[in-house]
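J.: Let me begin by handing over the structure; questions about it come next.
The values are calculated or read from the model by the stated rules, or taken from the named source; none is laboratory data. None of these values were measured; they are calculated from a predicted model. Counting neighbours? That spans all protein chains shown, and the Cβs are built from the backbone with ideal geometry, glycine included. For the accessible areas, the whole protein counts, side chains as well, though only heavy atoms, and no ligand, DNA or RNA atoms are used. Shrake-Rupley method; radii C 1.70, N 1.55, O 1.52, S 1.80 Å.
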Amino acid sequence: MSFLNRLGTVFNYQIALLLLIRVVAALLSLSVHETCHGLAAWKLGDVTARRMGRLSLNPLRHIDPMGFLLLVLAGFGWAKPVPVDPRYFKRPKQGMAITALAGPVSNFVLAVLSAALLSLLYFCNAGRTEPGFWVMAGLAVLLWQNIGLGIFNLFPIPPLDGAKVLFSFLPDRTYGFMLRYERYVMLLLFVLVFFGVLNGPLGFLVNAAARGLCHVTGLPLTVLVTLLNYVFM
């Protein structure tokens, strides 16, 4: 039975906690992602994000309502893009690439931290208590969601961060052309997502990354899978 069906048939404190976990994970993941974009740009000389108050972990400064709702309910979503003015950068193409990479890198860092904490709680038998179980479930969602966001955003399709990194290797003339028509190319992304074309490669990469984190931290993969099934099934 899907999460939405469960929500519609029985609403108790457990369902409320499951929803809360997904909401908090989405708020944290998106806010950290966008804040790190802004911080990277600021360190490289662009003060645009700072002037607009985007160097903040306050979710209200970053959340796009529709993108947030879709991330919570469907696992695919987005935040309000941090404004970046490459004219402030000494090397605009390289500056844009570094700024773009900061978002996915922050998601991978969150995933690693979540995996480490989850492993620690598991070996401390925290899951035997109800509060400990819910904390572990939240960390599992945070781990999974940030792996997914990080990998998805590295796909070289506008307007994703991977496209900005790829563009930095293009000749200046081609780079300018791609930037002018980025908004049209991004329609391709929505088509690919709508028809599930990216589900296969994204799922493979996310699963591989999750297995790798479990191996490094010593966390049994079955524990992660059990927690995720509880939250998402």
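J.: Roughly how big is segment 33-139's charge dipole about its Cα centre, with Cβ charges of +1 (Lys, Arg) and -1 (Asp, Glu), in debye to the nearest 20?
T.: Computed charge dipole of segment 33-139: roughly 540 debye.
J.: Next up: May I ask you to order 103-110, 219-226 by the average number of other C-beta atoms within 10 Å around their residues, highest value first?
T.: On the way: 103-110: 21.1, 219-226: 15.9.
Those peptides, ordered most packed to least, come out 103-110, 219-226.
J.: Moving to a separate point now. At 1.4 Å probe size, with no ligands or nucleic acids counted, give the accessible surface of Lys80 in Å², nearest ten.
T.: 80
J.: Let me ask something else. Return one whole number: the accessible area per residue of the chain in Å², for a 1.4 Å probe.
T.: 54
J.: Which percent of the accessible area of the chain is formed by carbon and sulfur heavy atoms (probe 1.4 angstrom)?
T.: Carbon and sulfur atoms account for 70 percent of the accessible area of the chain.
J.: Something else about it: What order do you get for 25-37, 55-67 when each peptide is scored by the mean count of other beta carbon atoms within 10 Å, highest first?
T.: Working: 25-37: 23.2, 55-67: 15.4.
Order by mean packing, descending: 25-37, 55-67.
J.: Moving on to the next point. Which of Pro92, Leu17, Leu118 sits closest to the plus end of the dipole of the chain, meaning its Cα is farthest towards the positive end, when Lys and Arg get +1 and Asp and Glu get -1 on the C-beta?
T.: Pro92
J.: Just the accessible area for Trp78, please: 1.4 Å probe, Å², rounded to the nearest 10?
T.: We get 80 Å² for Trp78.
J.: Given charges of +1 on the Cβ of Lys and Arg and -1 on the Cβ of Asp and Glu, with all other atoms neutral, how large is the dipole of segment 79-143 about its Cα centre, in debye to the nearest 20?
T.: Numbers: 6 positive and 2 negative charges, 93 e Å.
Its charge dipole is roughly 440 debye.
J.: In addition: Let me make sure I get this right: for segment 95-233, a, b and c are the square roots of the gyration tensor eigenvalues over alpha carbons, sorted descending. Under 1.5 in a/c it's rounded, otherwise prolate if a/b > b/c, else oblate. Which is it?
T.: prolate
J.: Right, next: Rounded, prolate or oblate, given the Cα gyration tensor of segment 58-116, with a/c below 1.5 counting as rounded?
T.: oblate
J.: Taking square-rooted eigenvalues a ≥ b ≥ c of the alpha carbon gyration tensor, is the chain rounded, prolate or oblate, where a/c under 1.5 means rounded and, failing that, a/b exceeding b/c means prolate?
T.: Verdict is prolate for the chain.
J.: What do you get for the angle between helix 182-194 and the principal long axis of the chain? Use alpha-carbon atoms, 0 to 90 degrees, nearest ten.
T.: That helix lies at roughly 20 degrees to the long axis.
J.: If you take the charge dipole of segment 40-186 about its Cα centre, with +1 on Lys and Arg Cβ and -1 on Asp and Glu Cβ, which of Gln145, Leu70, Leu179 is farthest toward its positive end?
T.: Leu179
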